[in-house]
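What follows is a single structure, written as structure tokens, with notes after it.
The values are calculated or read from the model by the stated rules, or taken from the named source; none is laboratory data. None of the values given here were measured: they were computed from a predicted structure. Because the Cβ atoms are built from the backbone with ideal geometry, glycine has one as well, and the counts that use them run over all protein chains shown. Accessible surface areas use protein heavy atoms only, side chains included; no ligands, DNA or RNA. Shrake-Rupley method; radii C 1.70, N 1.55, O 1.52, S 1.80 Å.
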Amino acid sequence: MRVAFFGLGIMGHAMATNLVKAGHEVTVWNRTPGKLVEGAGIAPTPAAAAQGAEVVWLCVSDTAAVENILFGPDGVEQSLAEGMIIADSSTISPSATVKFAEQVRSRGVAYVDAPMTGSKIGAGNGTLIFMVGGDEAIIERLKPLFAAMGKKIFRMGETGKGQATKLAMNLQIALIFEGFAEALTLATKLGVDPQQLVSLIDATMVRSGVVEYKAPFVLQRDFTPNFPLRLMHKDILLTLEAAKEARVKLPALETVEEIYELATEEGHRDLDYAATLTLLEKWAGVQVKGEAA
Ligand code: NA7
């Protein structure tokens, strides 16, 4: 398929690379010039990238970035054509997604929101899991692209429901990790070996995919970003905003948001979100370490 791909960050670069590898004709555009994908064309503007494309795929930071690429100066809007599909893998506001979809519908363009989970590793080896909102027939047409980038897709409903699901998923990741980090901090302060605690967690019903994934990094004190704190913070703020719009109270997430705020003030925004642990450690006066560290 002819694909215009926008956003060559940690996730987008790997995803566009996998599209090229699968034989699709890809043209890329990135806000900061100089980022390349081997085998893909480069366009000077979003409008130029989208010209003649069957599918426009986005993977950028936030709602403003998506809006800018679609409707800003030299935006994709100028090159919209009947039958085109816009797919957005960025994590952004569900209500803004619905608004963007309405803005292009009158031009005969379909809109699918397709945020994903699987982190940098899943993007690299093409094993992402997509949670998708949109028309079933349109999603069917996108299947070869999903297959090149991921291993599974879940259709969650109409456009916007992919984003809504993603927020509900990341809410859990943020809270599960916070629980793990607080447990590690308390146990360490009380003299329990954190490595031993992790072995016990793995053997009991407390275990979780989040802990399984994060524990080795945490025990080695490796906070290089798999999922940067700034993006998890953005997702938490999006979730609180969506909850407010829907008149839902999320007291635990509100508290955790304050920790991300403080971690940002401490200069940790570009580290992995696991670095929120360092604040708990500071307050407790301990450091959580496994043998490997
Ligand atoms: P990164 O690695 O932070 O990359 C973000 C990308 O978004 C990168 O290509 C940025 O371009 C681009 N970006 C950011 N702001 C804008 C604006 N205003 N206009 C155009 N392009 C922009 O994020 P990930 O790849 O890890 O994640 C991407 C999404 O997936 C995000 O929503 C996650 O929550 C999930 P730059 O190179 O900085 O010019």
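Looking at the range 215-293, the helices (runs of 4 or more DSSP H) lying wholly inside it that each contain 2 or more residues that are among the acidic types (Asp, Glu) sit at 229-245, 251-265.
Condition test on Gly34, is it open to solvent by 30 Å² or more (accessible area, probe 1.4 Å), within 14 Å of the ligand (Cβ to nearest atom) and more than 23 Å from Lys143 (Cβ to Cβ)? Judged against the criteria, Gly34 is a match.
Counting the residues of the range 126-161 that are part of a loop (DSSP other than H, G, I, E, B) and under 16 Å from the mean Cα position of the chain (by Cα) gives 3. Which count do you get for residues in the range 54-99 that are in a helix (DSSP H, G or I) and away from the ligand (no atom under 14 Å from the Cβ)? Number satisfying all stated conditions: 6. Taking the conditions (1) in contact with a Gly (Cβ under 9 Å, 6 or more places away or on another chain); (2) over 21 Å from Leu128 (Cβ atoms); (3) not β-branched (Val, Ile, Thr) in turn, Ala22 satisfies each one other than (2). Annotation note: Cβ proximity below 6 Å between a residue of the range 29-55 that is within 26 Å of Gly83 (Cα to Cα) and a residue that is buried (at least 17 other Cβ atoms within 10 Å of the Cβ) and aromatic (Phe, Trp, Tyr) (sequence gap 6+ or interchain) occurs for Trp29/Phe6; Ala43/Trp29; Pro46/Trp29; Ala49/Trp29. The set of residues from the range 256-289 being open to solvent by 60 Å² or more (accessible area, probe 1.4 Å) and of a type in the set (D, E, K, R) comprises Glu258, Glu261, Glu265, Glu266, Arg269, Asp270, Lys282, Lys289. I'm checking my understanding of the structure. Among residues of the range 15-31 that are among the hydrophobic types (A, V, I, L, M, F, W, C) and part of a strand (DSSP E or B), which one is most open to solvent (accessible area, probe 1.4 Å)? This residue is Trp29.
Looking only at residues in the range 135-150 that are free of Cβ contacts under 8 Å to residues at least 40 places away in the same chain and touching a Lys or Arg at 6+ places or on another chain (Cβ under 8 Å), the one that is surrounded by the most Cβ atoms within 10 Å (Cβ to Cβ) is Ile139. Examine the range 71-90 for a residue that is in contact with a Leu (Cβ under 9 Å, 6 or more places away or on another chain) and open to solvent by 30 Å² or more (accessible area, probe 1.4 Å), and state whether such a residue exists. Within the range 71-90 (the criterion being in contact with a Leu (Cβ under 9 Å, 6 or more places away or on another chain) and open to solvent by 30 Å² or more (accessible area, probe 1.4 Å)), the answer is yes, since at least one residue qualifies. Inspect all residues belonging to the range 235-243 and state whether any of them is away from the ligand (no atom under 16 Å from the Cβ), at pLDDT 95 or above and not assigned by TED's automatic domain parsing to the domain that holds Lys120. Checked against the condition, which is being away from the ligand (no atom under 16 Å from the Cβ), at pLDDT 95 or above and not assigned by TED's automatic domain parsing to the domain that holds Lys120, the range 235-243 yields at least one hit.
Just checking, does the range 196-204 include any residue being crowded, with 16+ Cβ neighbours inside 10 Å, more than 27 Å from the chain's Cα centre (by Cα) and part of a helix (DSSP H, G or I)?
So in the range 196-204, the residues crowded, with 16+ Cβ neighbours inside 10 Å come out as 197-198, 201.
Now narrow it down to the ones that are more than 27 Å from the chain's Cα centre (by Cα): 197.
Then keep just the ones that are part of a helix (DSSP H, G or I); that gives 197.
Within the range 196-204, one or more residues are crowded, with 16+ Cβ neighbours inside 10 Å, more than 27 Å from the chain's Cα centre (by Cα) and part of a helix (DSSP H, G or I).
Among the candidates Ile176, Ile153, the residue that is more than 25 Å from Leu237 (Cβ to Cβ), touching a helix residue (DSSP H, G or I) at 6+ places or on another chain (Cβ under 7 Å), open to solvent by 20 Å² or more (accessible area, probe 1.4 Å) and of a type in the set (A, V, I, L, M) is uniquely Ile153.
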